[in-house]
Structures are given as C-alpha cells and as structure tokens.
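Worksheet: the structure to be examined is printed underneath.
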Amino acid sequence: MSELHLGAVVRVRIQSSADIVTARQEGRTMATTLGFTNTTLTIIATAISEVARNIVEYAKEGEISIAPVGNGTVRGLQIVARDQGPGIVDLETAMRDGYSTSKSLGMGLPGAKRLMDQFEISSAIGEGTTITMTKWIG
Amino acid sequence: MAVPILKQSHTLIASIQSALSDRDLLQLRDDLADLVGRHRARGVIVDVTALDVLDSFATRTLRGIAYTTKLRGAETVIVGIQPEVALAMVQLGLTLEGVPTALDLEEGLAFLDGRTETADDGRR
C-alpha cells in the first residue's frame, strides 16, 4: 500500500490547455527513463491528459506531480493531480462512464482509471480534488 | 501552433506536425470548416501521424471536424493513427463513430478518389 518515491518529483502547474500538453510530455519523458514499453508510454500520457483536463475544466488551475515509485520489488510511475477547485459532489456518479457536468462527454476520469493500474480519487466540496494514479512496470 | 493545410486538387490536407493543445485542435476545426468552402474541397485528410496521444477531447474534436466538413459537403478521412495510440484509444473506450480512417496519407487519398469518382458518376 505504501509506495516509496524513488526519485525526484516533477511538478507541472496546470492553468491552460497548453499545460495539459506539457504535463503529458513530462510524464512520457519520466516513464521512458523508467523503461516502460512504447504502448504503456502512450497509455500513461493519455491518462495524464485526461486528469489534467479535468483540472482545467472544473478547477481552472491545479498541479500535476509525477514521480518514480517502488513497492517491494516492483517499480512504477505515480501521478498526483491536485486542485483547490469546487470539488466533486457525487464521486460515484462522476466516475461513471458517460457522466459529465461540463462540455466533455464524461470519458475522462473513468477512462483514466481504466488506463492505470491503481487509481484513487478524493474530493471535498469547496476544498478541491486529488487523484493519485499509478502504473507499474511489467 | 497552427496546423499547415495544403490543397491538392479537390482535397484539403491538414498535416499535424507536433503535439496540439485543445485550443489548437478547435482552431483546426474552425479553419477546415472555412477552407472547405473557400477552396470548394470535396475531401479533407487530417494526418495525425505526429500525434502521440489521442485523448477524449482530441477524439471528440476529430469527430467534430468530420461532421462539420460533411455538412459543408466534404468528406473527412483521418489518417496515420499510430498503433500504440489506437491501443490506448480502445482501452479508454474512444471511437471515431462513422468517421473513415486510413493507414496513411496515400491510402487516405485513394479512399477519397474512390468516393469523389462515385459522386461524379452520380452527377452525370
């Protein structure tokens, strides 16, 4: 359950759609150095794109941090998306495919969850949302 | 970053060169809707070979491009979706519903040639 950080954390400030591109490129770069396969690099970059867009659409600004992690003998990449936005009223509904209160079609968060090995979301009304997701190598 | 759009006969070719932000993608959609009329294009090819990610927004915008240009009288083909991008899209549950795709630019042009020839026959 407790993952150890195995290297420097890269932080990307998310304020605009251009920052979404930066965040997924940073994620891809770190995942490449960790030795993920090409397909997994794309999966990680896509998942980062979805959670970063969630910040831009709902909270306007936030931060994505990306770090190499280890748990026992396995290594992986952990992404934390954090914002101080309005928070999500009904998490269960928000994680349901096809649900969206914004202009997106609600594929984003449930999609990111499907792409990653671990996905946790916590949210408090008026305080913000934090998503922690991990992809393990192998 | 603006996407260069070339014209070849009755086809517009949007050749994406690098990663695009959401804003860039919407700009491309608007540019194509306009250029189809200005150049009297019957086909549009959007070459996404250079894109390493097609997430939910990009996929939705590509569908939007195809539907918009269709309403303007031109058929859009998406070409060059990379194998790992296709795999990630399937895992995400994204589809291009009804939007034709082709392996690369050459195949895309061949597909549109077939379509416009049929359309020409129909007019005679």
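Coordinate-derived values only; no laboratory data. Since we're looking at a predicted model, the values are computed, not measured. So basically every Cβ, Gly included, is an ideal-geometry build from the backbone, and we count neighbours across all protein chains shown.
Note on A:A124/A:L6: beta-carbon distance plugged into 1/(1 + (r/R0)^6) with R0 of 25 Å gives a FRET efficiency of 0.25. Overall size of chain B from C-alpha positions, given as principal axis extents largest first: 45, 25, 22 Å. Evaluated at q = 0.11, 0.16 Å⁻¹, the base-10 log of the normalised Debye intensity for the protein assembly as shown, with identical point scatterers placed on the Cα atoms, takes the values -0.63, -1.13.
Could you work out, residue by residue across B:19-26, how many beta carbons of other chains sit within 10 Å of that residue's beta carbon, and then give the average as an integer? Mind showing how you got there, number by number?
On the way: counts 7, 3, 7, 9, 3, 3, 1, 1.
The shielding value for this peptide is 4.
What 222 nm value per residue comes from the helices of chain B, counting each DSSP H run with n ≥ 4 as -39,500 (n - 2.57) and dividing by all residues, nearest 500 deg cm²/dmol?
-16500 deg cm²/dmol
For the range A:4-136, the residue among A:T130, A:S16, A:G70 whose Cα projects farthest onto the positive side of the dipole built from Cβ charges is A:G70.
A Gaussian network model of chain B, with springs between Cα atoms under 10 Å, assigns the largest mean-square fluctuation among B:Q17, B:Q91, B:Q27 to B:Q91.
Order the peptides A:108-115, B:96-103, B:31-38 from the highest to the lowest mean number of other Cβ atoms within 10 Å of their residues. Provide the component values of the computation, followed by the final result.
Numbers: A:108-115: 22.8, B:96-103: 14.4, B:31-38: 16.1.
Order by mean packing, descending: A:108-115, B:31-38, B:96-103.
Averaged over peptide A:23-34, the number of partner chain Cβ atoms lying within 10 Å of each residue's Cβ comes to 1.
Each listed q (0.09, 0.17 Å⁻¹) maps to a log10 I(q)/I(0) for the range A:4-136, found by the Debye formula over equal Cα scatterers with no solvent: -0.23, -0.83. Here the Karplus relation 6.51 cos²θ - 1.76 cosθ + 1.60, evaluated at θ = phi - 60°, turns the backbone of the range A:53-68 into coupling constants of 5, 4, 5, 4, 6, 9, 10, 6, 8, x, 8, 10, 10, 10, 8, x Hz, with x for every Gly and Pro.
Each peptide among A:57-66, B:66-75, A:42-51 gets the average number of other Cβ atoms lying within 10 Å of its residues, and from highest to lowest they stand as A:42-51, A:57-66, B:66-75. Taking 7 Å steps out from each Cα toward its Cβ at B:Q17 and A:N71 produces label points 4.3 nm apart.
Shielding of peptide A:43-50 by partners, expressed as the average count of other chain Cβ atoms within 10 Å per residue Cβ, is 6. So what's the net charge close to A:F36: Lys and Arg +1, Asp and Glu -1, counting the other residues with Cβ under 13 Å from its Cβ? My count for the surroundings of A:F36 gives +1.
Determine, for the protein assembly as shown, the count of lysine pairs separated by eight or more sequence positions (or lying on different chains) whose alpha-carbon distance falls under 29 Å.
8
Helix B:56-71 and the longest principal axis of the C-alpha atoms of chain B enclose an angle of approximately 10°.
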